[in-house]
1. Measure nothing fancy, just the Cα-based angle from helix A:153-170's long axis to the longest principal axis of chain A, in degrees from 0 to 90, nearest 10.
2. How large is ³J(HN,Hα) for each residue in segment A:36-51, as worked out from phi by the Karplus curve 6.51 cos²θ - 1.76 cosθ + 1.60 (θ = phi - 60°), to whole Hz, x for Gly and Pro?
3. Quick query: amide H of residue B:148 versus all other amide H atoms, modeled in the peptide plane; which residues come in under 5 Å with a sequence gap of 5 or more or a different chain?
4. Choose one of A:174, A:10, A:116: the residue whose Cα lies farthest towards the positive end of the charge dipole of chain A (beta-carbon charges +1 Lys, Arg; -1 Asp, Glu; about the Cα centre).
5. What size of dipole, in debye to the nearest 20, comes out for segment A:1-51 about its Cα centre when the only charges are +1 on Lys and Arg C-beta atoms and -1 on Asp and Glu C-beta atoms?
6. How big is the charge dipole of chain A about its Cα centre, in debye rounded to the nearest 20, if each Lys and Arg gets +1 on its Cβ and each Asp and Glu gets -1 on its Cβ?
7. Of the peptides A:150-161, B:67-78, how do they stack up when ordered by the mean number of other Cβ atoms within 10 Å, highest first?
8. Could you give each residue of segment B:85-94 its phi-based ³J(HN,Hα) in whole Hz, using Karplus coefficients 6.51, -1.76, 1.60 with θ = phi - 60°, and x for Gly or Pro?
2 protein chains.
Amino acid sequence: MANTKIKNEALRSSILEAASNLFIEKGLAGTKIQDIAGALGITRTNVYYYYKNKEDILEKLTLDVTNLAKEVTTAAIGAKDQDPPAMLRSLVIMYSSFVLKQPILFRVSERNEQNLKAKDRSKVTRARRSVLDNFRAVIERGVVSGHFRGIDPGVTAFSIIGICNWSAWWFRPGGKYKAQEVAEQIADLVAHAVEQPDRQLRARNNGREIVKRIRGELEYLENLIPERPGR
Amino acid sequence: MANTKIKNEALRSSILEAASNLFIEKGLAGTKIQDIAGALGITRTNVYYYYKNKEDILEKLTLDVTNLAKEVTTAAIGAKDQDPPAMLRSLVIMYSSFVLKQPILFRVSERNEQNLKAKDRSKVTRARRSVLDNFRAVIERGVVSGHFRGIDPGVTAFSIIGICNWSAWWFRPGGKYKAQEVAEQIADLVAHAVEQPDRQLRARNNGREIVKRIRGELEYLENLIPERPGR
């Protein structure tokens, strides 16, 4: 019983994956249920056991992907003990990994919106809005706390989401970098894009910090002076 | 004669724009030539004077947009007297402005690739590859010159293109910011993402620079001392 359930789940997600590949290659209009069955070596009846038609597949797939994106990003900003830079890093790593681990599914969910029914479209729009709100909230917090520069939270949130989402269109599993490595590189670019570039400058108003820095600099200068000066 | 030519060009581009809006809203399969004509208040015959069918419209539109993207980015990196940060800034401003000024046309050109003939698909792929190569070349130069951090030119180029391209999906003309303002904000984020964060640190080995900085810091400290100290 449990085994059958696992097998059913595996077949269900194989169907979603095969359908995604075909939707990308041939478009929704150009894909037949027979093509999906053929790609998996199963019968059309097997496919119809799980899904009413290809529109049903697209609908389930898009709702699944967007809801998961919402859950992943909401979980990432849940840690209470993180400062904004640490929280933004978790958010970028988790969201970009989510996209990079299923680029084809993600592309289909993003590119076939016009084929969804109005009710599903608005569900998808709400889930995407939550993803945006999660990014925006962390950025706002970082600007207020002074960890981030005086950037616009909306434009910055869209830009970061743009980097992550676009990776679904260029990342090739088995290429130069693993998904995890790309996620790390993206998080590094994002951190530099938003954080105050020079924490020393932020500490500038603190006289003790400045004296400490001057001591370090004098020591460094001392070492620059030749052993036997010219005079 | 000249007037007729201008009028024809204007109508031709109105057709592309109306068609783009409909492709986004209803998909290629759901759009009829009659819908395009209706949106402009002209007859179907008027549309057929310029385009054979809706696939022809999609083809011209996609080839136009991708070739222009290639030309814009190639022009941006043509200035011989710019260092890598200035060149990357020009590139980002010009490319993101290109996307932000025609977001709907851009979205259609990006989202209907599977509806293109194989020959056109490969032309489009080549033009997009040139855009990528232009970004990558500038980033490589900046890493070698030491202006940029030790980032991967490929992942970084895709990330920057991702920010610019994604703006076509969220930017609304007439909203909080003008296209030009968003382009500036994107260029600012990109500059911070890639440039060495602390030029002062890079200049640290220069004794004269350090002395100059200490002078500035002492002056600042002097101003911190209260007019009437406690002793």
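1. In chain A, helix A:153-170 runs at an angle near 60 degrees to the longest axis.
2. Going residue by residue, I get 5, 4, x, 5, 9, x, 10, 8, 4, 4, 4, 5, 5, 5, 9, 9 Hz, with x marking Gly and Pro.
3. B:143, B:196
4. Farthest along the dipole direction, towards plus: A:116.
5. 160 debye
6. For this selection, approximately 400 debye.
7. A:150-161, B:67-78
8. Karplus values, whole Hz, x for Gly and Pro: x, 5, 5, 5, 4, 4, 4, 5, 4, 5.
The values are calculated or read from the model by the stated rules, or taken from the named source; none is laboratory data. Treat the numbers as computed from the prediction; the structure is a model and nothing was measured. Reconstructed Cβ throughout: ideal geometry from the backbone, glycine too, with neighbour counts over all protein chains shown. Surface accessibility is based on the protein's heavy atoms, side chains included, excluding ligands, DNA and RNA. Shrake-Rupley method; radii C 1.70, N 1.55, O 1.52, S 1.80 Å.
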